[in-house]
Amino acid sequence: MAGGAIVNTAGGKEYPGKLTLFVLLTCIVAATGGLIFGYDIGISGGVTSMDSFLKKFFPDVYRKEKEDQNTNQYCKFDSQILTTFTSSLYLAALIASFFASLVTRAFGRKWSMFGGGITFLVGAALNGAAQNVLMLILGRILLGIGVGFANQSVPVYLSEMAPARLRGMLNIGFQLMITIGILCANLINYGTAKIKGGWGWRVSLALAAVPAAIITVGSLFLPDTPNSLIDRGYDTAAKDMLRRIRGTDDIAEEYNDLVAASEDSKQIKNPWGNILRPKYRAQLTMAILIPFFQQLTGINVIMFYAPVLFRTIGFGGDASLMSAVITGLVNVFATFVSIFTVDKLGRRKLFLQGGSQMLVCQIVVGTLIAIKFGTDGVANLSKTYSAFVVLFICIYVAGFAWSWGPLGWLVPSEIFPLEIRSAGQSINVSVNMFFTFVIAQAFLAMLCHMKFGLFYFFAGWVVIMTTFIAFFLPETKGVPIEEMILVWKSHWFWGRFISDSDIHVGNLEMANGNNNKNNSNKTVV
């Protein structure tokens, strides 16, 4: 690729330009694609804790909860049909993400967002009107297709539109919208649970149409990214768009780098096969392991089933929903910490700090539950004791919200070169959705069998993932996407998979020059 990059702790090569109001607004609109994902995460656990919902669709679970008050608390809600309601969406999203990659590359990122919004709208209508479990599951599948398309296209869109030095902040807008969606869902569940007549769950499910309408309409007004326009042959439009989003006419250097990246991309007829080449080993590993680890933090145990979990550990119905609202608020505000620090502190520091914080909290929460419930699962918690459980869960959520939550989407979306970007993001989404499906499907059964040990189980995985980040993830803040290969080339482990011939001459000369002159500034991994 044309040009070169200085890869150091201060970031990479900086192109002329500034953060324009146009870019800020388009990124905010695009990020609303996260609302549909977040709303669904929050709404599922709430409606599955409502008696009227359980009575209509899962009567066996309802009877188990109501008729036997001595039931082991750990196993109270264990039902594979109930978890299928939640997890079916993520299996559908997994499959949809592969089709979304084709749409994203052929027609642009905005139309993938539009398709996701429309499908999610239909799914919301079907869920709100559901008369049986089949309608419920079909609606969830349509919601999943919408999530698959949005999650595939939005992070890529944000990374391509943002200036390199602010890419982290703008990309994390997607995670912020996810957390806002979760919070809104928790608040709605808290309100609809009080509706007399037992139809509040219909309102909760049907209101998913609101975030779906926002991204559907919003996507129609979004411009294409310069990367996508060049890749589809609209060179003049790409130049005009680049001038507009950078707020300057001095775009020649960045434009030439984008064109060089596009030319490389067009030589690749099969990105799915090309992504397996050794020079992409690092990116492929990250696209698989980061979303895999993100789900094994245990966060979805909290977010999917927060009301169910809090009821399981002794909270009343209203108290469990309110506790979910509290964790939702923590999630939103803690995400702002990441937004304002990710481009200053970098990705690695947030990953490592957040992992350490989550580890401590999971051990504490597991121990608090073990002390009271033991292995028989029968106990009553005092208000003070319950408050301690909620406190440490909130600290855990905060740690996730400024580390693995946003960075799990940011890092995979910014490390792939254009020629394999859609395929790479599809792998990222599909792995994320697959393990979200697995955890959602298995959680209640795992809680029943592993009891308080489930928290120790996830704590063990946090140790593994934090160690992985420490040794294998280089710092990527401030580096233009088209220059990212130099970061991997300079890494102690991944550099062995990248030969000098894999790097364009201009980049190689610039990298070697900077290595000689700026060794003191170079990122040490």
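Quick look at the values:
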| item | result |
| --- | --- |
| The stretch 335-411: C-alpha gyration tensor shape, a/c 1.5 cut-off, then a/b vs b/c | prolate |
| As computed over the stretch 118-254, the Cα convex hull volume per residue (Å³) | 115 |
| Formal net charge of residues neighbouring ALA130 (Cβ-Cβ distance under 11 Å; K, R +1; D, E -1) | +3 |
| Sum of side-chain charges, PHE99 neighbourhood, beta-carbon under 15 Å (Lys, Arg +1; Asp, Glu -1) | +2 |
| Cα-based convex hull volume of the stretch 394-495 per residue, rounded to whole Å³ | 115 |
| Percent carbon-and-sulfur accessible area, the stretch 355-445, ignoring ligands, DNA and RNA, probe 1.4 Å | 74 |
| Cα gyration tensor, the stretch 246-291 - rounded (a/c under 1.5), prolate or oblate | oblate |
| With DNA, RNA and ligands ignored, accessible area of ASP250 (1.4 Å probe; Å², nearest 10) | 90 |
| Members of LYS55/LYS383; LYS18/LYS110; LYS239/LYS349 lying beyond 31 Å, as alpha-carbon distances in this model show | LYS239/LYS349 |
| Local electrostatic count at VAL147 - Lys and Arg +1, Asp and Glu -1, tallied over other residues with Cβ under 11 Å | 0 |
| Carbon/sulfur fraction of accessible area - the stretch 185-290, other protein chains in place, 1.4 Å, % | 58 |
| GLU160 accessible area, assembled protein chains, probe 1.4 Å, Å² | 10 |
| Diffusion constant of the stretch 386-444 at 20 °C, which comes from Stokes-Einstein with the Kirkwood Cα-pair radius and 1.002 mPa s, µm²/s | 157 |
| Solution diffusion estimate, µm²/s, Stokes-Einstein, the stretch 428-473, Kirkwood Rh from C-alpha pairs, 10 °C, viscosity 1.306 mPa s | 132 |
| Average accessible surface area per residue within the stretch 157-205, 1.4 Å rolling probe, Å² | 30 |
| Surface accessible to a 1.4 Å probe, per residue, for the residues of the stretch 238-280, Å² | 52 |
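The values are calculated or read from the model by the stated rules, or taken from the named source; none is laboratory data. Small disclaimer: the values here were computed from a predicted structure and weren't measured. Here the Cβ is made from the backbone with ideal geometry for all residues, glycine too, and neighbour counts use every protein chain on show. Each accessible area value is taken on the protein alone, full model and side chains, heavy atoms only, with ligands, DNA and RNA left out. Shrake-Rupley method; radii C 1.70, N 1.55, O 1.52, S 1.80 Å.
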